[in-house]
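**Q** After the structure tokens below, expect a handful of questions from me.
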Amino acid sequence: MQPDIGFPVVGVRDVATMRLRALARPDSIGNRIIASAGSLSLAQTGLILEQVYPNRRIATRVAPGILLRILALFDPEVRSILPALGHIGRVSDVRAISALGMCFIAPEEAVLAAEAFVVAEAT
């Protein structure tokens, strides 16, 4: 089971493209530009990977919050994620699109690209 939390996702190739575009544009100097294709929960990420690996056991269910709160009484690592429960981090990519002309790949594709790299490097 996965905790009910999520994070912004972006493909590493998109980050590299964005950095190169930022270097080529002097008006981007000193600006913080967020690279994000969107957000996924851990359970959504598990579902994406489960489609690629149907024979593997991949956690796709969301752990009940009450269970995590009980475990947090005994486990400091679980306790550290309690403030994020039920929250999927979302950030705006408007500046990257408008200032740098970025067109990010979908978060699902970014997860699959990362998975393909990890598998290729592991073999």
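The values are calculated or read from the model by the stated rules, or taken from the named source; none is laboratory data. All of these numbers come straight from a predicted model, not from anything done at the bench. Heads up, the Cβs are rebuilt from the backbone with ideal geometry, glycines too, and the neighbour counts pull from every protein chain shown.
**Q** Taking the stretch 44-66, which residues are part of a helix (DSSP H, G or I) and touching a residue at least 12 places away in the same chain (Cβ under 8 Å)? Lay out the reasoning, then the answer.
**A** First pass over the stretch 44-66, keeping only residues part of a helix (DSSP H, G or I): 44-52, 65-66.
Matches in the stretch 44-66: GLN44, THR45, GLY46, LEU47, ILE48, LEU49, VAL52, GLY65.
**Q** Something else about it: Assuming PRO8 fulfils every condition listed in (1) at pLDDT 90 or above; (2) in a loop (DSSP other than H, G, I, E, B) apart from one, which condition is it?
**A** The number of the failed condition is (2).
**Q** Being touching a strand residue (DSSP E or B) at 6+ places or on another chain (Cβ under 7 Å), modelled with pLDDT of 90 or more and not β-branched (Val, Ile, Thr) is the requirement here; does LEU112 meet it?
**A** On the way: touching a strand residue (DSSP E or B) at 6+ places or on another chain (Cβ under 7 Å): no; modelled with pLDDT of 90 or more: yes; not β-branched (Val, Ile, Thr): yes.
No: the conditions fail for LEU112.
**Q** Among the candidates ARG32, ARG56, ARG21, which residue alone is more than 17 Å from ALA106 (Cβ to Cβ), surrounded by 10 or more Cβ atoms within 10 Å (Cβ to Cβ), out of contact with any His (no Cβ under 7 Å at 6 or more places or on another chain) and not aromatic (Phe, Trp, Tyr)? I'd like the intermediate steps shown before the answer.
**A** Values: ARG32 fails: surrounded by 10 or more Cβ atoms within 10 Å (Cβ to Cβ); ARG56 fails: surrounded by 10 or more Cβ atoms within 10 Å (Cβ to Cβ).
Sole residue among the options that is more than 17 Å from ALA106 (Cβ to Cβ), surrounded by 10 or more Cβ atoms within 10 Å (Cβ to Cβ), out of contact with any His (no Cβ under 7 Å at 6 or more places or on another chain) and not aromatic (Phe, Trp, Tyr): ARG21.
**Q** Could I ask something else about it? Looking at the stretch 60-70, which of its residues are more than 11 Å from ASP4 (Cβ to Cβ) and surrounded by 15 or more Cβ atoms within 10 Å (Cβ to Cβ)?
**A** THR60
**Q** Another question about this same structure. Could you tell me how many of the residues in the stretch 11-43 are assigned to a helix (DSSP H, G or I) and free of Cβ contacts under 8 Å to residues at least 12 places away in the same chain? Give the derivation first.
**A** We begin by selecting, within the stretch 11-43, every residue assigned to a helix (DSSP H, G or I); these are 12-24, 26-28, 42-43.
Right, trim to free of Cβ contacts under 8 Å to residues at least 12 places away in the same chain and you get 16, 19-20, 23-24, 26.
Residues meeting the conditions: 6.
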